[in-house]
Each structure stands twice: as structure tokens, then as C-alpha cells.
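Q: Below: one structure in C-alpha cells.
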Amino acid sequence: MVLLREVTTADWPLWRDARLAALADSPEAFKASLADWPHGGEERWRARLAAPGSYGVVALLDGRAVGMAAGLVVADGAHELRSVWVGPRARGRGVGDRLIAAVEAWAVRSGAGSLRLGVIPGNTPAIALYSRHGFTPAGRPGGLLPGGRTRELLMVKALGAGTA
Ligand SMILES: CC(C)(COP(=O)(O)OP(=O)(O)OC[C@H]1O[C@@H](n2cnc3c(N)ncnc32)[C@H](O)[C@@H]1OP(=O)(O)O)[C@@H](O)C(=O)NCCC(=O)NCCS
């Protein structure tokens, strides 16, 4: 059975393992690359989890990380869904649904009026998952992707009574 665990700074090794597994498994899905993150670097991993307005949840199967998702309040005050990953061993079992629901619940608890995300255009499984959860294109361009030619697709979901 896949269990979800909300992480604290003390869980930084678990978060590191999940993030490195995600970047190794699906490099095409993320703006960050494996080379951006040190394999050790306790301080940097802890700092990521301790950042104000930061939330993390990991999916565990037999004690090993098989999925993750993050929430982050960014500079303009928006709440963002980030770093969504479900490993091949756990796909197609609703784990992505549960991870998104956890981040959405965090955003609602934090008083957010909406949750947004950036996805690489062409990432069909991810876009299908987000659309199923009520995210729609924000109608303005997302951040530039490495290489500087394409931009992320920005999607947003309004959060209100009955949407959490
Ligand atoms: C996007 C992602 C989180 C979805 O995982 P998930 O929650 O298990 O997916 P779903 O439950 O929505 O799966 C629905 C169906 O699509 C299939 N599917 C899921 N991800 C798939 C993928 N990457 N490639 C092909 N098929 C996929 C599932 O097997 C399932 O098929 P089924 O209905 O026949 O069983 C996962 O594919 C993933 O982590 N991909 C790599 C990282 C990524 O793209 N992250 C998003 C960054 S914005």
C-alpha cells in the first residue's frame, strides 16, 4: 500500500532520495536537472524544506520513496504546485491524485485563493492529471525553459468552498 508522508526538515534524506529519483527517472519533465542538486549537501536540502511557505509530501511503498509533490509560496505571493513525480512502480494507482490533493489541502489551509503550476508542454500524462483536477491554462506564458526557446504551460486552479 502506498502511504503519504508530509515531510519536515528532519526528513531531508527522504526528500533528497525522492527528488534525486525523480530527476533521474524523468529528466525531461523538470526544469531542474540532476546536476543542479548535490547528492549530499544536507544544508541545502534542509534549507529547501525549511523555506517559509514550503510544503512537501512523499509517497512511500515498502518504506521507499515512489512519489513526491511540493508546495511553495513564491515571490509574488502565489501558491505553486511543484516537483510532482510518481515513479514507474507506482503509476496508474491514483498516487498522483493523492499527492495533488495533499498540496491543494495545504494551499487551502494557507488561505490561498488559487494554486498554479508550470508544466512542460507535451507532458501529456501530467497535463491530463492536472486537467482532471480542475487546473486550466492560465492564458499567459509560463517561465522560460532551459535553452530559452520554449516556455512552460502555466495552469491554475481556483480554490474555494468545496474545491479542496
Ligand atoms: C505525471 C505523473 C505524476 C502521473 O502519474 P500517476 O498519478 O500515476 O498517473 P495517473 O494515475 O494519472 O495515470 C493514469 C494513466 O496514465 C498512465 N500513465 C501515468 N503516467 C504515465 C507516463 N509518464 N507515461 C505513460 N503513461 C502514464 C498510468 O499508467 C495510467 O494508466 P491506466 O489508466 O491504464 O492504469 C507521472 O507520470 C510522472 O511522475 N511522470 C514523470 C514526472 C512528471 O511528468 N511530473 C510532472 C511534472 S509537471
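The values are calculated or read from the model by the stated rules, or taken from the named source; none is laboratory data. The shown structure was predicted, so the numbers you read here are calculated from the model rather than taken from an experiment. Here the Cβ positions follow ideal geometry from the backbone for every residue, glycine too, while neighbour counts run over all protein chains shown.
Q: Tell me which residues, restricted to the range 103-121, are more than 10 Å from the ligand (Cβ to nearest atom) and either in contact with a helix residue (DSSP H, G or I) (Cβ under 7 Å, 6 or more places away or on another chain) or farther than 16 Å from residue 156 by Cα (or both).
A: Correct list: 109, 110, 115.
Q: Which of the residues that make up the range 121-164 are in a helix (DSSP H, G or I) and within 14 Å of residue 97 (Cβ to Cβ)? Steps first, answer last, please.
A: Step one: list which residues in the range 121-164 are in a helix (DSSP H, G or I), which gives 124-132.
Once the filter is applied, which keeps residues that are in a helix (DSSP H, G or I) and within 14 Å of residue 97 (Cβ to Cβ), the range 121-164 yields 125, 126, 128, 129, 130, 131, 132.
Q: Hey, residue 94 hits all of (1) touching a residue at least 12 places away in the same chain (Cβ under 8 Å); (2) under 20 Å from residue 56 (Cα atoms); (3) not hydroxyl-bearing (Ser, Thr, Tyr) but one; which does it fall short on?
A: Unmet condition: (1).
Q: Follow-up. Name every residue in the range 18-44 that is modelled with pLDDT of 95 or more and either more than 15 Å from the ligand (Cβ to nearest atom) or of a type in the set (Ser, Thr, Tyr) (or both), in order of residue number.
A: 26
Q: List the strands (runs of 3 or more DSSP E) that sit entirely inside the range 13-110 and contain at least 1 residues that are surrounded by fewer than 18 Cβ atoms within 10 Å (Cβ to Cβ).
A: 54-61, 64-73
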